[in-house]
Structures are given as structure tokens and as C-alpha cells.
């Protein structure tokens, strides 16, 4: 093994900052989120109270430390992909899911104050197939 200084490596290495890796698809993001949750299936995660009753502006900014959304935001890959924070609205945007789908993953009314990571992961995986027109229509009624 050869050891080289940073200056020596810069002369040798050909770096091209214009090359970027492909953006993850919606399915890849959801699969990764579920896998992150499944790493600690028994972990209890915070829920968000009454997401379905909040005005849109309030719901979009809702967050809770230690929630399933926080698990996603802790991931460096998701932050590099453009996840900006661990709010409800950002999760909806970043994962391209409906209010109904996100409600199933994080709302207090289903689980109480906490939800197991395994249960959240199961609902994240359930959202993978539900991005069509029918799912969006259902989501608009929640």
C-alpha cells in the first residue's frame, strides 16, 4: 500500500464533479425507508397526533423527534437526495405519498403515542403500490 498526500492525490486523481449519480425512484426511496425502519424492528417511534384533523398548513409542518419520518431524515443518502427536514409535508413530498398513506404510517389515532418500527415499515411498503390515480383520489378525502 502506498501512502500519498492530498496534494499528490489531486495530481493523480481525475475528479469530475459534473458526474452525479442517478436520482432514486419513488419505489427505491420507499424501499430504503422501510429497510431503515426494519434495522431496529422493535424500536418505538413517536407518532403525530391528529394529522387528519389539522389544517393543511399546520399538517405540513408537523413533526416529532424520533418519528418514522425522523428515521428517514437521519439517513445521509436521503439528505443527499434532497430530503430537507423531518416534517410531515416534507415526507409527503420527498416520498411522493398521499396524506392517507402517510397518515397510516405516522398518525397517533392508529397506534397511540408510539408505533413500532416494524409496523411503520410494513405501512411504508404498503405505500409502494399505491401511487396511482385511485390512491390520490382516496388521499384527497382524508
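Figures for the structure shown
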quantity: In segment 39-48, the residues that are part of a loop (DSSP other than H, G, I, E, B) and surrounded by 18 or more Cβ atoms within 10 Å (Cβ to Cβ); calculated: 47
quantity: Top-ranked residue in segment 21-38 [being in contact with a helix residue (DSSP H, G or I) (Cβ under 8 Å, 6 or more places away or on another chain) and either within 19 Å of residue 112 (Cβ to Cβ) or assigned to a loop (DSSP other than H, G, I, E, B) (or both); ranked as modelled with the highest pLDDT]; calculated: 37
quantity: Residue, nearest to residue 118 (Cα to Cα), within segment 49-86, restricted to residues that are in contact with a strand residue (DSSP E or B) (Cβ under 8 Å, 6 or more places away or on another chain) and part of a helix (DSSP H, G or I); calculated: 68
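To keep it simple, each residue is scored yes or no on (1) touching a helix residue (DSSP H, G or I) at 6+ places or on another chain (Cβ under 8 Å); (2) over 17 Å from residue 101 (Cβ atoms); (3) without any contact (Cβ under 8 Å) to a residue 40 or more places away in the chain.
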site: 43; (1), (2), (3): yes, yes, no
site: 47; (1), (2), (3): yes, no, no
site: 56; (1), (2), (3): no, no, yes
site: 68; (1), (2), (3): yes, no, no
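The values are calculated or read from the model by the stated rules, or taken from the named source; none is laboratory data. Keep in mind that this is a model prediction, so the values were computed, not measured. Glycine gets a Cβ as well: all are built from the backbone with ideal geometry, and neighbour counts include every protein chain shown.
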